[in-house]
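Scroll down for the structure; my scribbles are underneath it.
Read-outs: derived from the displayed coordinates by stated rules, not from any lab. Note that this is a predicted model, so its numbers are computed, not measured. Using ideal geometry, Cβ is built from the backbone for each residue, glycine included, and neighbour counts are taken over all protein chains shown.
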Amino acid sequence: MTVPPPIVAPSILAADFARLADEVRAVENAADWLHVDVMDNHFVPNLTIGLPVVQSLRAATQLPFDVHLMIEDPRRWAPGYADAGAYNVTFHAEACDDPVALAKDLRSAGAKAGLAIDRDTPIEPYLDLLPSFDTLLIMTIKAGFGGQRFIPQLLEKVRTARQHVAAGHLELRIEVDGGIAADTIEQASAAGADAFVAGTAVYGAADPAEAVRRLRALAERAAPGA
Ligand code: DX5
Ligand code: ZN
């Protein structure tokens, strides 16, 4: 089983919010996507940034935006991020009663559509929906905060998804988010993930761009079929 070359997506949740444009430029030539965590203090207890910040940042970088919506009522808000120029817009399965309809809306607004699965949500009920999506984000922590410890047991969902994608010849990125760092990325890659969000491991490093390159190299080496 082979997987596409890995995507590394630094999460600006771990960046200095007072210097966001500079922090984004620090990974401009190293990252594949920029991961933007939107939290609404309802779906998760934490509160981060929203559409105006994404709109302003869009003008400050060439990097594709991977927007991760941890919000209630994504049908109301998600298409606005596609309109703002996000490359991929991911919403949570737990927050949406018609994920396929929203995926269609996002695609018609010009974005890729992503489905996120939180720590306590099984993957099986969503496997048949995957042809409607471009990315599947499997949380490797409980969504809500950066800097948490990676939960290796959740990679079982990645293995299940990878088998399903391979068997169905689906074009779908399998993304992992939470606790991804030099000591965890290889196991996630070996399980079949091919997109890797990293907040603390990138922005906590002395050289964020070098941290991104190092993570990508580790993921590449550990990928199935590599
Ligand atoms: C948390 C967010 C993550 C977060 C990951 O709910 O979805 O993207 O930034 O942070 P680290 O890499 O520090 O675990
Ligand atoms: Zn995230």
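Cβ-Cβ contacts under 8 Å between residues 6 or more apart (or on different chains), taken from a first residue in region 161-182 that is closer than 21 Å to HIS92 by Cβ to a second residue that is of a type in the set (Asp, Glu) and away from ligand 2 (no atom under 14 Å from the Cβ), are listed as LEU172/ASP134; ARG173/ASP134; ARG173/ASP194; ILE174/ASP194; GLU175/ASP194. Counting only residues that are within 16 Å of ligand 2 (Cβ to nearest atom) and in contact (Cβ under 8 Å) with a residue 24 or more places away in the chain, region 24-49 holds 18 of them. As a summary of the residue check, ALA190 satisfies the conditions (1) outside any loop (DSSP other than H, G, I, E, B); (2) more than 20 Å from ARG214 (Cα to Cα); (3) out of contact with any strand residue (DSSP E or B) (no Cβ under 9 Å at 6 or more places or on another chain) except for the one numbered (2). Scan region 202-211 and give yes if some residue there is within 14 Å of ligand 2 (Cβ to nearest atom) and surrounded by 24 or more Cβ atoms within 10 Å (Cβ to Cβ), otherwise no. Within region 202-211, one or more residues are within 14 Å of ligand 2 (Cβ to nearest atom) and surrounded by 24 or more Cβ atoms within 10 Å (Cβ to Cβ).
Screening the candidates ALA30, ALA113, ALA86 for the property of being assigned to a loop (DSSP other than H, G, I, E, B) and under 15 Å from the mean Cα position of the chain (by Cα) yields one hit, ALA86.
Here the condition is being of a type outside the set (D, E, K, R) and more than 16 Å from ligand 1 (Cβ to nearest atom); of VAL67, VAL100, it holds for VAL100 alone. Among the residues of region 212-223, those that are free of Cβ contacts under 8 Å to residues at least 40 places away in the same chain and either within 16 Å of ligand 1 (Cβ to nearest atom) or assigned to a loop (DSSP other than H, G, I, E, B) (or both) comprise ARG214, LEU218.
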